[in-house]
Amino acid sequence: MSEIEIESRNLDLWYGSAQALKKISMAMPEKKVTAIIGPSGCGKSTFIRCINRMNDLVKGCRITGELLFEGADIYGNDMDAVELRKKIGMVFQKPNPFPMSIYDNIAYGPRVHGLRNKEELDRIVEESLKASALWDEVGDLLDQSAVDLSGGQQQRLCIARTLAVKPKVILFDEPCSALDPISTAKIEDLINMLKHDYTIVIVTHNMQQAARVSDHTAFFLLGELVEFGKTKQIFELPDKKSTEDYITGRFG
Amino acid sequence: MTSLISPATSDKAAKVMLWVSASIAILTLLFILGYIVVQGLPVLTLSFLLESPRLSGAEGGILPAIVGTFCLMLVALLSAVPIGIGAAIYLAEYAPVGVVTRIISFGVECLAGIPSIVIGLFGYAFLVIYLGFGFSIISGGLALMFMILPWVVRVSEESLKAVPGGLREGSFALGATKWQTVSRVVLPSAVPSITTGVILGVGKAIGETAVIMFTAGSSLLMPTSFFDPVRALPYHLYILASEGISDPMAYGSSVVLLVMVLVINLAAVAIQRHYGRHHVRN
Ligand SMILES: Nc1ncnc2c1ncn2[C@@H]1O[C@H](COP(=O)(O)OP(=O)(O)OP(=O)(O)O)[C@@H](O)[C@H]1O
Ligand SMILES: [Mg+2]
């Protein structure tokens, strides 16, 4: 049984007066993949963006309850969001490479954290590209603009960029929804490799994907956590009728 | 209700009318350009560009006016760009959306609406007299800065706001601070369109005769410092024509001014082309 890395207890979230998350309590274990599924608008992105405090950027967003990372309160007074995000990286739905070279994209994180040493940066860039299975394709093109890569390559670049910061947790918000099946398969393979070293939380609309890559699955509905458990159990023997209906595609 | 004119007929009529409007617009432009070029061509020689004027400009060239115009633009740019971009970054990235931002934006709008003759008069009272800069490149350049500042702020602010939010989030998610995000990702992404906008602004400012005639002076001598007076090209041609000194020389000066504006606009287009592909297609 592995340690709990992230735990939410009775987490409530409001955008203005609209409540988007209601009493979410779940624990995400270390070096495992936790998938979050549920129909559109049920609060999956909202929840995952709480974990690295991305919602700080949203005006009128209010949170109560507890969210713990390695036992420390993510929303506590002594938590520095910038420091937190070095340890909890995020890959977004739409690939968002910076309009600069491939090299500069990967080196961005280490550089903003003060690394100047060229050899060290070279090493990190190579390591990160290898770890994201992109080195063979772009190892010779490091000076090329990242914007010219294909969508799937851009997304793996964004993963490499995240790895370069050496986080402990990586959050994926529908990382494949803008990609073709082959690129999707590559990203899934990658996630299966990364879970040996990182704690992963992934939001997905793709049931097979959740079944393939995750160890645990959480089913959200209208801002509430309906069911959370081992992926196998959720997919084969769900407790709740609504979970079963959603998984079998009978609604939503 | 039945219409007397069938949809097909009105469609055709609209097409014809729009075609006529477009033709009139283009023909007017071509006529003006052609007329000026034909009138100015006889005096356009290399010595016209490289010599100083003689007999109040009736003879000789216009080199001091060309140099003066360049210097005025340089001062205006070097002062307007840092201030304008700084203000735009504050408005686009930092200022909370609310009363203060709206007041600043409104102030910028108002500044943009002040007639150039009023800016010229203010430049005269404040820069030439009160600050004691006299009729000089500095006074003229700073007065032009007042003229283009609102434009620079607005163009920069819009360019910054057009940078996709995903880039900001991507930077924050890597543990970058706000200033790192703004200075390393957002601003560089916006630089091509800011540059294009600023250059177009300069193209407009170059012809603002009313501002510089009150502030830059009308000396026909070659300036040797930024505190020397100069006569900018548009003012020179105004004097040549209005005082009946030489019409051909006035048209020659006009052609040079037009070419300068054309070059500036082409530069803006070239920059846009060159950097366009770097922009994230989000
Ligand atoms: N910035 C915001 N301001 C106000 N309301 C928001 C904001 N972001 C999301 N919401 C609302 O919160 C609810 C949950 O949205 P969220 O994006 O978390 O859903 P989701 O499960 O990720 O959906 P999808 O599968 O479509 O991505 C929705 O009702 C949405 O309209
Ligand atoms: Mg979402």
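The values are calculated or read from the model by the stated rules, or taken from the named source; none is laboratory data. On a predicted model such as this, the values are computed, not experimentally measured, just so you know. As a convention, Cβ positions derive from the backbone with ideal geometry for all residues, glycine included, and neighbour counts pool all protein chains shown. With ligands, DNA and RNA removed, areas are computed over all heavy atoms of the protein, side chains included. Shrake-Rupley method; radii C 1.70, N 1.55, O 1.52, S 1.80 Å.
Helical runs assigned H by DSSP (4 residues or longer) give chain B a calculated mean residue ellipticity at 222 nm of -22500 deg cm²/dmol, each run adding -39500 (n - 2.57) before division by the residue total. The Cα-based radius of gyration of the range B:1-68, divided by its Kirkwood radius, gives an Rg/Rh of 1.48. Shielding of peptide B:161-171 by partners, expressed as the average count of other chain Cβ atoms within 10 Å per residue Cβ, is 4. Lysines within cross-link reach of A:K241: Cα-Cα under 18 Å, excluding same-chain residues under 8 positions apart? Qualifying lysines at Cα under 18 Å: A:K230, A:K232.
Take each residue of peptide A:96-108, count the partner chain Cβ atoms within 10 Å of its Cβ, and average: the result is 4.
Under Stokes-Einstein, with the Kirkwood radius over Cα pairs as Rh, the value for chain A at 20 °C and 1.002 mPa s is 114 µm²/s. Calculate what fraction, in whole %, of the accessible area of the protein assembly as shown sits on carbon and sulfur atoms when a 1.4 Å probe is rolled over the protein chains. The nonpolar share, carbon plus sulfur, comes to 63 percent.
Relative contact order for the range B:136-247: 36 percent, from Cα pairs under 8 Å spaced at least 6 residues apart, divided by residue count. To the nearest 10 degrees, how steep is helix A:151-163 against the longest Cα principal axis of chain A, on a 0 to 90 scale? That helix lies at roughly 90 degrees to the long axis. Could you give the angle, 0 to 90 degrees to the nearest 10, between helix A:181-194's Cα long axis and the longest principal axis of the Cα atoms of chain A? So the inclination is approximately 90 degrees. When exposed loop sites are taken as trypsin sites (Lys or Arg not before Pro) in a DSSP loop with at most 14 other Cβ atoms within 10 Å, the longest stretch of chain B clear of them is B:1-276. Take every pair of alpha-carbon atoms less than 8 Å apart whose residues are at least six positions apart; their mean separation over the length of the range B:47-279 yields a relative contact order of 28 percent. Contact order, relative form, for chain A: 27 percent (alpha carbon pairs under 8 Å, 6 or more residues apart, mean separation divided by residue count). Bridgeable aspartates and glutamates around A:K59 (alpha carbons under 17 Å apart, same-chain partners fewer than 8 residues away excluded): A:D12, B:E93, B:E169. Estimated purely from DSSP H runs of n ≥ 4, each contributing -39500 (n - 2.57), the mean residue ellipticity at 222 nm for chain A is -10000 deg cm²/dmol once divided by its residues. A Cβ-based charge dipole, computed about the Cα centre of the range A:4-247 with Lys and Arg at +1 and Asp and Glu at -1, lands at about 480 debye. In the full protein context, chain A carries 43 Å² of accessible surface per residue, based on a 1.4 Å probe and ignoring ligands, DNA and RNA. Note that the protein assembly as shown shows a convex hull volume over its alpha carbon atoms of 256 Å³ per residue. Rounded, prolate or oblate for chain B? Axes are the square roots of the Cα gyration tensor eigenvalues, ordered a ≥ b ≥ c, and the cut-off for rounded is a/c under 1.5. It comes out oblate by the Cα gyration axes.
By the rule of a C-alpha distance below 16 Å, with chain neighbours fewer than 8 residues away ignored, the lysines paired with A:K168 are A:K31, A:K32, A:K86, A:K87, A:K195.
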